[in-house]
Amino acid sequence: MDLVAKYQGVVGRVFGNENSGSSEDSYVERLLDRISNGVLAEDRRAAMLDLQSVVTESRAGQMAFGAMGFPVILSVLKEERDDVEMVRGALETLVSALTPLDHAKGPMNEVQPALMNSDLLSREVDNISLLLSLLSEEDFYVRYYTLQLLTALLTNSPQRLQEAILSIPRGITRLMDMLMDREVIRNEALLLLTYLTREAEQIQKIVVFEGAFEKIFSIIKEEGGSEGGVVVQDCLELLNNLLRNSASNQVLLRETMGFDQLLSILKLRGTTYRFTQQKTINLLSVLETINLLIMGGPETDPGRDANKLTNKTVLVQKKVLDHLFMLGVESQWAPVPVRCMALHSIGDLIANHPKNLEELASKRLGEEPDLEPALNSVLRILLRTSSKQEFMAADYLFKNFCQQNPDGQTMLASTLILQPQSMIYAPFEEDVNMSFGSMLLHGLTTGENEGDLETCSRAASVLSHVIKGNNQCKEKVLQIQLEAPMPTLGGPEPLLHRMVKYLALASSMKSKDGKSSTSTSTSENVFVQPIILKLLIIWLFDCPNAVQCFLDSRPHLTYLLELVSNPTTTVCVRGLAAVLLGECVIYNKSNASGRDAFSIVDAISQKVGLTSYFLKFDEMQKSSLFTSAKPFLPRKPLTRSTAASMAEIEDVGNESSDQKNENHPMLTSVFDSPFVYFMKRLEADIREKIVEAYSSPKTQVTVVPAELEQKSGENDVDYIKRLKTFVEKQCHEIQDLLSRNATLAEDLAKTGGNNSSPLERKVSGGADRVQLETMRRDLQEASQRIEMLKAEKAKAESEASTYKNLAGKTESDLKSLSDAYNSLEQANFRLEKEVKALKSGDIEALKEEAREEALKESEAELNDLLVCLGQEQSKVDKLGNRLRELGEDVDKLLEDIGDDVGADDGDDED
């Protein structure tokens, strides 16, 4: 009964004693008494059935059972194994006690009896060991209910159960054996192992050692692969748990079983257009497995990169691209999530892998003789799809193909050949025979005519990947000349000018009548302008010819200045436009008046204001679109609770609440972490270059001194006229500089001067900047010297205080020694007096002997004291010297001590 008291005490402290007198408590107590002390077996079994019924239906029954029922039920499981019916009833009762009653939920702050019962049962490792031992029983229901009970415990108390199972010998082995049991038992064991391996790395290793991979693929094959039911899903979830954070498990799978059985699950069987929800979930789970292998393991693993590279190589060698293209491109009946995840997987496979990039570049899809390059098929999907989620996946593939792949970029750029006039305005259905570049140009140039600027922006995103960081490709695309809509209006139009035209068109559509005409155009304009601006920024970056082409049309600069200062546009658009303006300054090699870097800076100062212009950068960097950009967002694991919702998603970004938000999913995909970092570096260069250009004089002011000399054959009148003209020109230049400085002063005044950035404060004259920098440096050095002197002063004061304390202690020690010396002298005097008083024979001799011994002892003590006194005197001399160095009056400190010491010395001599 001690065990009962312990359980009652624990539960009583939690539940309280308010229900101790309830009818449920009394009834449960009577049933437990019948089970524990009953004589007839039938009566005990009936009591067990009644107890199970009460616990299953009543919250109060669960609470009462938790207070007093566990010792009785556990004793049945330990001692009555032969009575199978009683053991079954005990296990069912425990399962019911650990199962929450949804229809009887109490207040949020009320203790849940199912959770409390789970906590009580899992506290003792012996209880878990007892349950695991029941898995070896022959009775089917005993094993089944035991697995259900362990699953309930794992759901409510996962950490404690994991630790208990690890501490029990062969605990995991017994669970693994259940995978080879009958189907129902196997499924329960599979579900339990799935829960166990989600976070526990040690359990994952043991499960793999026990042959988990072979058993998982055996069950998947038995259930029919991707066509199977939820059991296949559970198997794949268990497999993903074992591979997710373990590079060693991935290596073991690759080198023992290989990837063939895994890839066979991706193979579509039967009717390819029949995609049930369960089949979709199964395919998503396999694609998640592929993604885990591509990632190579956790980021903290030192061998992650090598393992990732090997996995990518082996997967492509095993023809995984065939399966992925079948799901992502060729199977038009596949659900959107499957197609998107397949395209993402292809993008991850080729990232930073030269051989896989070559494999994709040469990949062709379709059937003979209508084979088509795989990249063309992906581009067609990107341009045509109605799903923004699918566009983002295809765009991700192209980004990874072009990244650090100049040969691939050059290959794609070489196909950018303008089609005849008849093909430019042809419908998309006729683009099957086009090259990659022709199809891309088709997408770029058909938007205006069809009113579909979204298609244009999608093509612009792909073009930005093709030319990013590759000046050869930039120059190639710069040479593309589009035919004018009506030849009578002028010559061919550069592609760059057409992009600016679409940028302005998107802005005008957005601002017409103060609002958009349709909801579709609203959703388009959220991302059309930013994507086109991104293309232009990448195009003009480190490409003076592109900057020159952009400035060839004077309205381009005017429009860009208006876009930067337009309050109706988003913060992101204004910031990107400001960056584009800055590129026109820092990569401008022109000397033509009105288009050189000096003129651009001048226009920014007059039309926008430098302070306001720089503020656009700060606003953009603080926007949620830029601050939320993450280098890597791991996918959420696909579990039973999340799989159904993921399989039902048809698209992202179609919600009306997101359409006017800068965090539109398409923008968060296009403006990823590398681009945000690129923008930050570019912004710093722009600030520095603009300040330098603004604070330096125009190159035209520099005059060759020879111009001031009179030319041969020139009469005095002409010479004076030429000098007058030269002076007038200089006056105009000076007035121009004064005007610019006045504008700058006005800008700084508006911000109060103190809030301006350091780069803005640098834009005064060159000499002033040098003088200011010199003064700032001198001030900094003086401050450092002052701080050093303060530190030395504090150190000296600290030493002086220490030496004062030591002097006081020395003085106290000297006084103590003096007192001790005086007491010894008195004792010596007393002993001499006693010796003189003793005159008789033996007594006199004894007294004389005692006197000699006393004298010897006193002399030894006196010598010791003198040694100490000498040492202390040496210390006093050293301290005195140090105190004199610090400016203290030593004589005054030792004035009182001197007399005593002198007296002592005199006695010593005597």
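For this structure, a couple of remarks:
- Some residue of the range 884-895 being of a type outside the set (Asp, Glu), open to solvent by less than 100 Å² (accessible area, probe 1.4 Å) and within 60 Å of the chain's Cα centre (by Cα): yes
- Residues in the range 25-75 that are over 21 Å from residue 98 (Cβ atoms) and among the hydrophobic types (A, V, I, L, M, F, W, C): 39, 40, 41, 46.
- Filter result for the condition that a residue is in a helix (DSSP H, G or I), at pLDDT 90 or above and open to solvent by 20 Å² or more (accessible area, probe 1.4 Å), over 250, 261: 261
- Screening residue 1 against (1) at pLDDT below 85; (2) crowded, with 16+ Cβ neighbours inside 10 Å leaves a single unmet condition, (2).
- Residue in the range 30-53 that is surrounded by fewer than 21 Cβ atoms within 10 Å (Cβ to Cβ), under 52 Å from the mean Cα position of the chain (by Cα) and part of a helix (DSSP H, G or I) present: yes
- Breaking point among (1) buried (at least 18 other Cβ atoms within 10 Å of the Cβ); (2) over 15 Å from residue 350 (Cβ atoms), for residue 298: (1)
- For the range 201-232, the set of residues classified as charged (D, E, K, R), in contact (Cβ under 8 Å) with a residue 24 or more places away in the chain, in contact with a helix residue (DSSP H, G or I) (Cβ under 8 Å, 6 or more places away or on another chain) and assigned to a helix (DSSP H, G or I) consists of 205, 215, 221, 227, listed by residue number.
Residues are listed down the side, and each one gets a yes or a no for (1) open to solvent by less than 80 Å² (accessible area, probe 1.4 Å); (2) under 30 Å from residue 855 (Cα atoms):
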position	(1), (2)
796	yes, no
799	yes, no
819	no, yes
823	yes, yes
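- Taking the range 314-328 as the range and being surrounded by 14 or more Cβ atoms within 10 Å (Cβ to Cβ) and under 19 Å from residue 374 (Cα atoms) as the test, the residues that pass are 315, 316, 318, 320, 321, 322, 323, 324, 325, 326, 327, 328.
- Count - residues of the range 80-115 that are open to solvent by 30 Å² or more (accessible area, probe 1.4 Å), modelled with pLDDT of 85 or more and among the aliphatic types (A, V, I, L, M): 2
- Close pairs from the range 121-136: first in a helix (DSSP H, G or I), partner of a type outside the set (D, E, K, R) and open to solvent by 40 Å² or more (accessible area, probe 1.4 Å), Cβ under 6 Å, at least 6 apart: 125/167
- The residues listed here are 121, 175, 135, 193; of these, the one that is in contact with a Lys or Arg (Cβ under 7 Å, 6 or more places away or on another chain) and not hydroxyl-bearing (Ser, Thr, Tyr) is 135.
- Some residue of the range 130-140 being in contact with a Pro (Cβ under 9 Å, 6 or more places away or on another chain) and open to solvent by 20 Å² or more (accessible area, probe 1.4 Å): no
- The single condition from (1) in contact (Cβ under 8 Å) with a residue 60 or more places away in the chain; (2) part of a helix (DSSP H, G or I) that residue 198 fails is (2).
- Count of the range 353-367 residues which are more than 26 Å from residue 305 (Cα to Cα) and either modelled with pLDDT of 95 or more or of a type in the set (Gly, Ala, Ser) (or both): 1
- Of the residues making up the range 649-691, those that are over 17 Å from residue 570 (Cα atoms) and modelled with pLDDT under 75 are 649, 650, 651, 652, 653, 654, 655, 656.
- The range 141-160: number of residues that are open to solvent by less than 10 Å² (accessible area, probe 1.4 Å) and closer than 24 Å to residue 59 by Cα: 6
- Every condition in (1) of a type in the set (A, V, I, L, M); (2) under 34 Å from the mean Cα position of the chain (by Cα); (3) under 16 Å from residue 502 (Cα atoms) is met by residue 560 except one, and the failing one is (2).
- The residue of the range 185-241 that is nearest to the chain's Cα centre (by Cα), among those that are open to solvent by less than 30 Å² (accessible area, probe 1.4 Å) and acidic (Asp, Glu), is 237.
- Test: residue in the range 510-529 that is buried (at least 23 other Cβ atoms within 10 Å of the Cβ) and at pLDDT below 75: yes
- If you filter the range 707-752 down to residues that are assigned to a loop (DSSP other than H, G, I, E, B) and under 58 Å from the mean Cα position of the chain (by Cα), you find that the one that is modelled with the highest pLDDT is 751.
- Flag for residue 398 being modelled with pLDDT of 90 or more, farther than 21 Å from residue 666 by Cα and under 41 Å from the mean Cα position of the chain (by Cα): no
- Within the range 161-175, residues that are at negative phi have Cβ atoms under 9 Å from residues that are assigned to a loop (DSSP other than H, G, I, E, B) and small (Gly, Ala, Ser) in these pairs: 162/200; 163/200; 165/200; 166/200, counting only partners at least 6 apart in sequence or on another chain.
The values are calculated or read from the model by the stated rules, or taken from the named source; none is laboratory data. Small disclaimer: the values here were computed from a predicted structure and weren't measured. With ideal geometry, Cβ positions are generated from the backbone for all residues, glycine too; neighbour counts draw on all protein chains shown. Please note that ligands, DNA and RNA were not included when accessible areas were found on the heavy atoms of the full protein model with its side chains. Shrake-Rupley method; radii C 1.70, N 1.55, O 1.52, S 1.80 Å.
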